[in-house]
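**Q** This structure is in structure tokens; I'll ask about it shortly.
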2 protein chains.
Amino acid sequence: MLANKPILVDLKIIIIDTMKIRKIINQLDPYVPGRSQDEIANEYGVKKEDIIKLGSNENPWGPSPNAIKAICENINNINRYPESNLKDLKEEIANYSNLKSENVIVGGDGADEIIEVLAKTFIDPEDEFIVPLPSYMYYEFIFKPYGGIPVYGKWNIEDNSLDVDSVLKAISERTKVIFLCSPNNPTGGIITKEQLETIIKATDALIVIDEAYYEYSLINNTELIDKYHNVFIMRTMSKVLGLAGMRVGYGLSNPKLIEYMHRIKPVFSLTRTSYSAALETLKDKEYIEKSITNGIKSRDYLYNELKKFKELDVLKSYSNYILMNIKRTGHTASEFSKELLKKAVIVRDCTSFKGLDEYWIRASIGTLEEDKKFIAILKELIK
Amino acid sequence: MLANKPILVDLKIIIIDTMKIRKIINQLDPYVPGRSQDEIANEYGVKKEDIIKLGSNENPWGPSPNAIKAICENINNINRYPESNLKDLKEEIANYSNLKSENVIVGGDGADEIIEVLAKTFIDPEDEFIVPLPSYMYYEFIFKPYGGIPVYGKWNIEDNSLDVDSVLKAISERTKVIFLCSPNNPTGGIITKEQLETIIKATDALIVIDEAYYEYSLINNTELIDKYHNVFIMRTMSKVLGLAGMRVGYGLSNPKLIEYMHRIKPVFSLTRTSYSAALETLKDKEYIEKSITNGIKSRDYLYNELKKFKELDVLKSYSNYILMNIKRTGHTASEFSKELLKKAVIVRDCTSFKGLDEYWIRASIGTLEEDKKFIAILKELIK
């Protein structure tokens with residue numbers, strides 16, 4: 001038996017108590033779970049029901065009532081495996097996206113599962129993928145364990161736009177996938193169709209347009225799927241569609257790629273309850289319409305109010321969150337977000353986003369009432 | 001633009017319409033989704049509500065009523081991301097397993113996700129994993145895309161037991177993981193503790209004991225976790241616990257390995273509804289007890305009745321399904337299972353299991369009423 005601490009034996013594996021774990025696991029950051037509202041309530045001495053959640057870009061108005069009804073009406077057979085072909089759901093998503101079923105793949109762990117299936121479909125060790133920074137960090141979390149090497153492009157914070165040249169320069173023979181998030185998380189800026197097409201035409205790598213928040217931007221790029229062979233659009237039901245807790249995402253692309261991805265996709269990953277909820281939410285046009293208009297209203301309200309603080313540098317957003325630099329308040333994001341927790345407000349400290357320093361905070365939209373409380377609390381904190 | 005059919009360009013990737021898909025995807029079988037009860041009802045002209053599902057080793061008595069209640073009571077916040085640390089659920093699983101929270105990892109796509117995390121933790125390209133055949137085919141489905149090479153041991157069909165020597169002989173320098181399923185799917189036989197320990201002591205590779213069905217065998221091997229550094233026990237809530245449709249699985253091992261696996265595990269894969277259902281089912285001791293005793297009763301009834309058919313070779317089972325060879329009926333499993341579908345009975349044609357020929361059928365337990373109908377239909381078919 002070896003000693004208790006990890007001992008490096010070669011380039012590929014590490015041995016822990018003689019167990020043969022891959023070396024790459026040791027290069028990843030230990031996983032720090034998000035804390036529950038209960039824990040935050042206990043630690044900061046606030047009431048759980050008073051907590052305003054502006055940390056995770058959710059839909060603050062709750063799920064579609066039809067989704068709740070559908071779950072409770074279809075619950076008696078949860079002892080049976082879920083459907084694996086998801087025919088009706090794919091059709092409903094195709095309708096929603098103005099495409100066909102054969103263009104659709106569904107993820108049972110939200111869009112995160114779609115990212116996983118993309119990695120499995122495209123990434124051999126030493127292959128490269130491109131991410132402009134700052135952007136969604138989960139791409140890297142999933143792609144690295146497959147041996148993928150991140151190559152970073154740049155997102156211009158100044159004018160909140162993609163630096164297209166930085167992406168073009170990052171392309172190499174080994175580039176397999178390029179992630180372009182629009183609206184971009186966490187900055188809220190969008191990538192124009194012209195910019196997208198410039199990159200799409202410059203490479204055979206797969207261009208993954210992450211449209212998790214597209215409904216709030218009133219822009220979508222599905223027409224590019226028919227026009228180019230190397231476009232994949234990734235979406236989620238966790239935002240406008242109000243189902244973050246049910247983990248439903250989807251991908252849209254040409255039927256050939258979709259067929260290949262189905263070969264390697266987890267077979268039963270979407271639960272029966274998620275299936276019911278997703279299907280009925282997509283049919284609830286009134287709910288969707290309201291989610292979008294209320295979301296945009298809340299975002300615009302927040303933006304206008306936040307702009308009034310001369311200590312905050314606020315980025316224009318096309319999404320359901322707003323990124324701001326708080327350096328001139330004299331606090332770091334870590335300090336500032338803790339002060340907000342004491343007042344029962346959860347925002348996202350963006351220090352862990354590569355490409356941002358320690359002075360950025362992202363706040364999601366709340367209901368108008370929550371927005372107002374948040375602004376009032378900011379006024380107390382920033383004197 | 002290249003022609004439409006795949007063109008091989010090198011050892012690593014294939015190009016489809018100039019897209020750079022990994023070659024390994026082409027070596028996998030196209031995914032054939034299981035068909036829904038609706039489709040079967042349509043194709044075979046039977047009533048959906050008459051269908052007897054004996055194909056997927058589910059719990060035929062439905063979920064715990066407490067699980068249903070818990071889902072519907074905790075459903076209003078499904079617009080919020082799930083908890084990621086799953087503290088209460090891990091504690092409840094630890095209680096159920098007589099271990100501690102730090103021994104537990106939860107999978108949000110059943111045990112299938114646990115297999116995925118094991119692959120990510122242990123498998124670099126060219127690494128080997130061992131599976132005795134026949135056994136659960138999903139190990140291979142998940143491990144191959146990571147570059148893992150399956151090396152096969154042997155399960156003795158004659159006496160329904162593991163050929164330990166075949167596993168020992170399969171071990172090499174590159175063996176990272178050995179899957180030992182007990183009770184074994186699809187044969188129903190168990191691996192004795194002595195056999196397990198012989199293999200555990202012979203290698204530093206991780207021994208994954210798949211105990212998906214352990215409750216039906218009244219045997220469990222959790223004591224081996226403290227005794228050896230290289231034991232991982234994998235379980236599911238899809239069988240005795242009646243939650244196949246909610247996709248909850250778990251793994252049990254030493255705290256160090258569990259911590260490593262948490263670094264790489266999907267962060268939010270367990271839905272809010274699955275969390276509620278899992279927690280309340282584990283607390284429902286009466287339901288669990290009934291599921292086990294009814295399950296064993298149904299299995300023993302089926303076994304005794306099936307043994308009466310002189311045309312069937314029936315394997316003794318410690319699980320909730322029974323494997324039988326039907327060669328002497330004069331039909332293949334494919335033909336025979338279609339005949340059963342016409343009578344509204346779904347069983348598993350085992351032709352796709354490596355290590356079995358085209359004459360094996362696996363039937364899960366049903367309720368006693370379903371068992372009786374199944375036996376009566378067999379009597380009609382086997383004259």
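**Q** Considering (1) in contact with a helix residue (DSSP H, G or I) (Cβ under 7 Å, 6 or more places away or on another chain); (2) closer than 30 Å to A:Asn26 by Cβ, say which one B:Ile78 fails and leave the rest.
**A** So the condition that B:Ile78 fails would be (2).
**Q** I'm trying to understand the selection: among the residues of the stretch A:159-174, which are over 17 Å from A:Thr203 (Cβ atoms) and either charged (D, E, K, R) or open to solvent by 40 Å² or more (accessible area, probe 1.4 Å) (or both)?
**A** The answer is A:Asp159, and nothing else.
**Q** If a residue must be of a type in the set (A, V, I, L, M, F, W, C) and either open to solvent by 10 Å² or more (accessible area, probe 1.4 Å) or within 12 Å of chain B (Cβ to nearest Cβ) (or both), how many such residues does the stretch A:90-105 contain?
**A** 2
**Q** Within the stretch A:155-177, can one find any residue that is among the hydrophobic types (A, V, I, L, M, F, W, C) and within 12 Å of chain B (Cβ to nearest Cβ)?
**A** Looking for residues that are among the hydrophobic types (A, V, I, L, M, F, W, C) and within 12 Å of chain B (Cβ to nearest Cβ), one finds at least one in the stretch A:155-177, hence yes.
**Q** OK, next. Being free of Cβ contacts under 8 Å to residues at least 40 places away in the same chain, in contact with a helix residue (DSSP H, G or I) (Cβ under 7 Å, 6 or more places away or on another chain) and under 25 Å from B:Ile191 (Cα atoms) narrows it down to one residue among B:Val248, B:Val314; which is it?
**A** Exactly one of B:Val248, B:Val314 is free of Cβ contacts under 8 Å to residues at least 40 places away in the same chain, in contact with a helix residue (DSSP H, G or I) (Cβ under 7 Å, 6 or more places away or on another chain) and under 25 Å from B:Ile191 (Cα atoms), namely B:Val314.
**Q** Same structure, new question: Residues in the stretch B:281-295: is at least one over 21 Å from the mean Cα position of the chain (by Cα) and among the hydrophobic types (A, V, I, L, M, F, W, C)?
**A** Looking for residues that are over 21 Å from the mean Cα position of the chain (by Cα) and among the hydrophobic types (A, V, I, L, M, F, W, C), one finds none in the stretch B:281-295, hence no.
**Q** Let me ask something else. Taking the stated definitions as given, is B:Ile322 out of contact with any Pro (no Cβ under 6 Å at 6 or more places or on another chain), touching a residue at least 12 places away in the same chain (Cβ under 8 Å) and closer than 16 Å to B:Trp155 by Cβ?
**A** yes
Quick grid of which residues meet (1) in contact with a Ser or Thr (Cβ under 6 Å, 6 or more places away or on another chain); (2) crowded, with 24+ Cβ neighbours inside 10 Å; (3) modelled with pLDDT under 95; (4) not β-branched (Val, Ile, Thr):
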{"site": "A:Thr198", "(1), (2), (3), (4)": "no, no, no, no"}
{"site": "A:Thr203", "(1), (2), (3), (4)": "no, no, no, no"}
{"site": "A:Lys239", "(1), (2), (3), (4)": "no, yes, no, yes"}
{"site": "A:Val267", "(1), (2), (3), (4)": "yes, no, yes, no"}
{"site": "A:Arg272", "(1), (2), (3), (4)": "no, yes, no, yes"}
{"site": "A:Lys283", "(1), (2), (3), (4)": "no, no, no, yes"}
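**Q** If you check A:Ala70 against the conditions, is it at pLDDT 75 or above and either more than 30 Å from A:Ile322 (Cα to Cα) or not assigned by TED's automatic domain parsing to the domain that holds A:Tyr213 (or both)?
**A** Yes: the conditions hold for A:Ala70.
**Q** Could you list, in sequence order, all residues of the stretch A:117-158 that are part of a helix (DSSP H, G or I), open to solvent by 10 Å² or more (accessible area, probe 1.4 Å) and not aromatic (Phe, Trp, Tyr)?
**A** Listed by number, the residues that qualify are A:Glu140, A:Lys144.
**Q** With the structure loaded, tell me whether A:Ser274 is in contact with a Gly (Cβ under 8 Å, 6 or more places away or on another chain) and within 13 Å of another protein chain (Cβ to nearest Cβ) or whether it fails that test.
**A** yes
**Q** Continuing with this model, one more query. Looking only at the stretch B:122-154, how many residues end up being away from every other protein chain (no Cβ under 14 Å) and within 16 Å of the chain's Cα centre (by Cα)?
**A** Qualifying residue count for the region: 5.
**Q** How many residues, within the stretch B:175-195, are crowded, with 16+ Cβ neighbours inside 10 Å, out of contact with any Asp or Glu (no Cβ under 7 Å at 6 or more places or on another chain) and of a type in the set (S, T, N, Q)?
**A** Residues that pass the stated criteria total 4.
**Q** Would the stretch B:68-83 turn up any residue that is open to solvent by 10 Å² or more (accessible area, probe 1.4 Å) and under 26 Å from B:Lys176 (Cα atoms)?
**A** No.
**Q** Quick one: A:Ala111 ticks every box in (1) facing chain B (nearest Cβ under 9 Å); (2) assigned to a helix (DSSP H, G or I) except a single one, so which number is it?
**A** (1)
**Q** Please specify each residue of the stretch A:105-117 satisfying the condition of being of a type in the set (A, V, I, L, M) and out of contact with any Gly (no Cβ under 8 Å at 6 or more places or on another chain).
**A** A:Ile115
**Q** On to the next question. If I ask for residues that are open to solvent by 20 Å² or more (accessible area, probe 1.4 Å), farther than 20 Å from B:Val46 by Cβ and touching a helix residue (DSSP H, G or I) at 6+ places or on another chain (Cβ under 8 Å), which ones from the stretch B:326-353 would you list?
**A** Residues satisfying the conditions are B:Thr329, B:Thr332, B:Thr351.
**Q** Here's something else I'd like to know. Going residue by residue through the stretch B:144-158, is there one that turns out to be among the aromatic types (Phe, Trp, Tyr) and modelled with pLDDT under 95?
**A** yes
**Q** Among all residue pairs at least 6 apart or on different chains, which show Cβ distances below 9 Å where the first residue, located in the stretch A:41-66, is in contact (Cβ under 8 Å) with a residue 12 or more places away in the chain and the second is open to solvent by 20 Å² or more (accessible area, probe 1.4 Å) and among the aromatic types (Phe, Trp, Tyr)?
**A** A:Ser56/B:Tyr81; A:Glu58/B:Tyr81; A:Trp61/A:Tyr287; A:Pro63/A:Tyr287; A:Ser64/A:Tyr287; A:Pro65/A:Tyr287; A:Asn66/A:Tyr287
**Q** Looking at the stretch B:128-182, which of its residues are touching a Phe, Trp or Tyr at 6+ places or on another chain (Cβ under 9 Å), among the charged types (D, E, K, R) and closer than 22 Å to B:Ile114 by Cβ?
**A** B:Glu140, B:Lys176
**Q** Can you tell me which residue is modelled with the lowest pLDDT among those in the stretch B:1-18 that are out of contact with any Lys or Arg (no Cβ under 8 Å at 6 or more places or on another chain) and open to solvent by less than 50 Å² (accessible area, probe 1.4 Å)?
**A** Result: B:Thr18.
**Q** Does the stretch B:56-67 hold any residues that are open to solvent by 10 Å² or more (accessible area, probe 1.4 Å) and either more than 9 Å from chain A (Cβ to nearest Cβ) or of a type in the set (A, V, I, L, M) (or both), and which are they?
**A** B:Pro65, B:Asn66, listed by residue number.
**Q** Report yes if A:Val208 is among the aliphatic types (A, V, I, L, M), under 22 Å from A:Ala119 (Cβ atoms) and facing another protein chain (nearest Cβ under 9 Å), otherwise no.
**A** In short, no.
The values are calculated or read from the model by the stated rules, or taken from the named source; none is laboratory data. This is a predicted model, so every value here is computed, not measured. Cβ: placed from backbone, ideal geometry, glycine included. Neighbour counts: every protein chain shown. Please note that ligands, DNA and RNA were not included when accessible areas were found on the heavy atoms of the full protein model with its side chains. Shrake-Rupley method; radii C 1.70, N 1.55, O 1.52, S 1.80 Å.
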